[in-house]
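Here is the structure we will look at.
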Amino acid sequence: MCRQGSGYREMNSDNLREDGNKHFKSGDYETALSCYTKALRLSDDKKDAAILHRNRSACYLKLEDYAKAEDDASKALEVDGGDVKALYRRSQALEKLGKLDQAILDLRRCLTLEPKNKVFQDAVRNLGVRTQEQVQLMSSTDSRVDQMFQILLDPEEKDVEKQKKAAQNLVVLSREDAGAEKIFRSDGVRLLQRMLETKKTDMMLAALRTLVGLCTGHQSRTVSILSAVGMETFCAVMAVDNEPVSLAACSVLHAMFDALKEGMTKDIRGKEAAVVLDPSKELKSMIHHLLEMLTQPSVSSHGRENSLNLLIKVVPRKSLRDPNNGMTLWVIDNGLKKILEVGGSLTEIPGSLPVTETTRMSASVLLNKLFDDLRCEAERENFHKLCEDYVRSLFENHGMDGKLRAIQTVSCLLQGPFEAGNRTLELSGIMDSIITLCASEREIDQQVAVEALIHAAGKAKRASFITANGVTLLKDMYKKNENDAIRIRALVGLCKLGSAGGTDFSMKQFAEGSTLKLAKQCRKWLCNESIQSGTRRWAVEGLAYLTFDADVKEEFVEDKDALQAMFSLAKSQDKTVIFAVASTLVNCTNSYDREEIDPQMLELAKYAKQHVPEEHPKDKKEFVEARVCKLLVAGVVSALVCMVKNESPALTDSSRELISRVFLALVQKSEDRGNVVAQGGGKALIPLALEGTEVGKTKAAQALAKITITSNPEIAFPGERIYEVIRPLVSLLHLTCTGLQNFESLMALTNLAGISERLRSKIIKEKAVPMIEGYMFEEHEMIRVAATECMCNLTMSQEVQERFMVEGSDRLKLIVLYCGEDDERLRRAAAGTLAMLTSLESKICQRVTQVTAHWLEILQALLLGENIELQHRGGIVVLNMMAADKELAKILMESEIFEILTVLAKNEEDEKKRPVSRAAQECLNKAVEYGLIKPNLPSESD
């Protein structure tokens, strides 16, 4: 915040501008922006206001908000058209916004005002080259687009390969700025519609993928395409019984939603684009069409699934800090019953809607996201009432099939917003019907009833009732039913009830050996490929509960066939298995949260005859490490990578967290990290660290930190991926994270900061520097050292160097004082930082003598130390200081440092000490050059 300083200080425009300048120089651009904005409100003078607008433009450029940077620079120019700084800043903003012709006009005006300015000369030259390239690209693109459409739409064209290549080129072209604009302006939308009307899969896919390129990040094009083609057409294409085409249409609509909600992205904003200020009407119309699709019998199962997936992505708020949940409320009022109808669909009942294996799971996820997006009790109560009314109506008015669909809807709610599920479960007759249907002769009745029992058993409110009334029933179904699909579900119910004690060894629900028998049967079914994958998934569900038992874990990791069968399911199209697989792996790796038991509390509990949780002997560290090793050998990483790649709603935030926990367990030992990276684990961890629960993101970020510490980051995260790692690593610096997480983050960032200036800039942009500075004061010596080492590498950046030059800052003083600490690692890191700073910035050399009266003693101690690396860094600091200023060199040569350097310079013959000797000799040579000392002349005998 903008400070008033010590004592009273009038808060006026000049003072605020001065504060803003200080914050800007220190790299705190947001605070500087705040100061300039406050100063503008207090300023009545037009010239002062122009300067403040110009300064704000500089802040916006640093913060990469180029539209606002352009706007502020223009306001400054309205007052003074010859303000060269404002002109240059506007040109920079215009260039970033893609308005190259306007940018070059501003630069030429700058050059007219200051013809000898080399910066302006270089900028005009570079921008001229870019503009020429763009013109050439546009002219060459014209003929390419026309040619491609001619090949694709020519009925006489028989060369299939030629058409495929043209389609592929069209898609690639649409992803470029110039290409997308050319396609759009060459009557491309109408031609793409013609391609859709051919009904040929290849042509339709090419058209849809091209439309994705046209719509992505461009609001005005999106509105135009939506108006020309019509939402009805897109929904009709998505409704077809052709999975790739339906998915491609879904991608087009997703790109449209993003463009309408967020406007044009910064990188591809063009001067011709017209921004739609309020796209809410278009958004509501699109969502209305998607809701209508849910219950239309003519829509394919894939179309219905994709419609749900889109609603999941676009309806709930991205952040709960956004106060407007109006779209969610509108969907609940107009579409909740439609979503519930899909969630309660049973293809075995005549007249039911076509659904995929994962559709009901998608409905549960959507219902859960809608419920979580509600802000108050009144909104939640309305949600409950609508659910209860729907279930009650089905249950009471539609015969036996209606009762069955009502129970299936309750199951759907229990897997999503379980509060609503519990409320519907307590409706009159529901629970009794579930128990009754378990004894039905119809397979579908038994299946729906048992699944409902399983989902209800996980909710504390009903678990005791089901334990009392359902265990005997489930045992009978498991032992006596001849249908494997029913038996396996009954077994999962028993597994769920039997795992109520969790990892507590003393809380056994079943007789000794029963859990192992159930697990053995689960593994047997899991390996039986003759059983449908949808049924085998339930075997994994059973293992997810049974693997709380360490004996079960040990047997499972030894069963290679069962592991491979589970991994194959995880990689399959049925994504509803993700949560169960992840839960099983969390149990096997013991990566769940465990509270350390206080020994004193343990004794007190025993004395009071209270229950004391016991750890299974096979859950000790050595057993866990052995299980992790076996999972790695079995190929667990490739299975996890496939699970993360999946875009299904089944990959919920909870599933992401579980997968993150497993990854963290897999990289605990440094020797295993290379294997994890080689199988794609590093790439998979990045999205896990950026999206999901806070715990999940933290676990994934910590796994990334461990990999970055011990692996070469450029190999572990090739190409642009290395830059994506920085944000998760910086998130570990927050005070809510543990000391270990802070330490590992600092170590990882140190490695990255030593690679390139672009990486250092990314670290600075993520606002890591102030946090790293804070950890340099940390009491824990390892964290303090890691922070100082990280700062050492960051000082290669000009922006960080400037922070050490800020008046009134103690940053340099801290580094100098750390050079005199007892901790050798801390001294080494601080000396390296000081050597780097003094080599890059001569002003810092002068400031070293001002920050502490003991600076000379500290330098002497570095040179006299036993550690050769410390001696070398001390020698470099002295050399830099002597090179910076003759008077400073004189002070150094008049101190004991002269004698120390003379001694160190004589160690030329010792290879290890040679770098120290050379640094000392260079210092002495500099003193000779200044005339401070005389050179040693060789004797005549020599």
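No value in this document is a laboratory result; all are computed from the given coordinates. Please read these numbers as outputs of a predicted model, since none were measured by experiment. Ideal geometry is used to build each Cβ from the backbone, glycine not excepted, and the neighbour counts take in all protein chains shown.
Worth pointing out:
- Structure note, pairs 575/669; 22/886; 475/517; 575/621; 284/318; 96/765: Cα-Cα distances above 20 angstrom occur for 575/669; 22/886; 575/621.
- Residues residue 476 and residue 914, FRET efficiency given R0 of 56 Å [Cβ-Cβ distance, rounded to 0.05]: 0.10
- FRET efficiency, residue 805 to residue 483 (Cβ-Cβ, R0 45 Å, nearest 0.05): 0.05
- With Cα atoms defining each centre, the range 526-552 and the range 146-212 are spaced 47 Å apart in the structure.
- Length gained when the stretch residue 321-residue 436 is fully extended (0.36 nm per residue, less Cα-Cα span): 36.8 nm
- Angle of helix 201-215 to the longest C-alpha principal axis of the chain, folded into 0 to 90 degrees and rounded to 10: 40°.
- Between residue 187 and residue 694, the simple label model (points 7 Å from Cα in the Cβ direction) yields a spacing of 5.8 nm.
- Neighbour-limited loop hits for GluC sites (Glu not before Pro), the range 154-257 (at most 11 other Cβ within 10 Å; DSSP other than H, G, I, E, B): 156
- Compactness ratio for the range 13-115: Cα radius of gyration over 2.2 N^0.38 Å (N = residue count) comes to 1.03.
- Of 454, 255, 628, farthest towards positive along the dipole that unit charges on Lys, Arg, Asp, Glu beta carbons give the chain: 255
- With helices as the sole contributors, the chain gives -22500 deg cm²/dmol at 222 nm; each DSSP H run of n ≥ 4 counts as -39500 (n - 2.57), and the sum is divided by every residue.
- Degrees between helix 280-294 axis and first principal axis of the chain (Cα, 0 to 90, nearest 10): 40
- Inter-label distance for residue 419 and residue 524, nm, one decimal - labels placed 7 Å from Cα along Cα-to-Cβ: 4.4
- Pairs exceeding a 22 Å alpha-carbon distance, out of 520/553; 645/762; 645/767; 369/697; 520/618: 645/762; 645/767.
- Inter-site label distance for residue 866 and residue 197 at 7 Å from Cα along Cβ, in nm: 8.9
- Cβ crowding within 10 Å ranks 641, 124, 581 as 124, 641, 581, fewest other Cβ atoms first.
- Nearest 10 degrees, 0 to 90: helix 868-884 Cα axis against the chain principal axis: 60
- What the Cβ-Cβ distance of residue 46 and residue 758 gives, at R0 = 30 Å and to the nearest 0.05, is a FRET efficiency of 0.15.
- Three semi-axes describe the equivalent ellipsoid of the range 153-289; taken as square roots of 5 times the Cα gyration tensor eigenvalues and ordered largest first, they are 25, 18, 11 Å.
- Identified option (computed semi-axes √(5λ) of the Cα gyration tensor in Å; candidates [x] 69, 32, 26; [y] 57, 35, 27; [z] 59, 41, 26): [z]
- Scanning the chain for chymotrypsin sites (Phe, Trp or Tyr not before Pro) lying in DSSP loops with no more than 14 further Cβ atoms inside 10 Å, the longest uninterrupted stretch between such sites is 9-591.
- Part-to-part distance (alpha-carbon centres) for the range 776-848 and the range 382-415, which is given in Å: 66
- Gyration tensor (alpha-carbon) shape descriptor, the range 821-942, a/c threshold 1.5: oblate
- Only Cα pairs under 8 Å and 6+ residues apart enter the sum, and on that basis the relative contact order of the range 1-114 stands at 17 percent.
- Length-normalised contact order of the chain in % [C-alpha pairs under 8 Å, at least 6 apart]: 5
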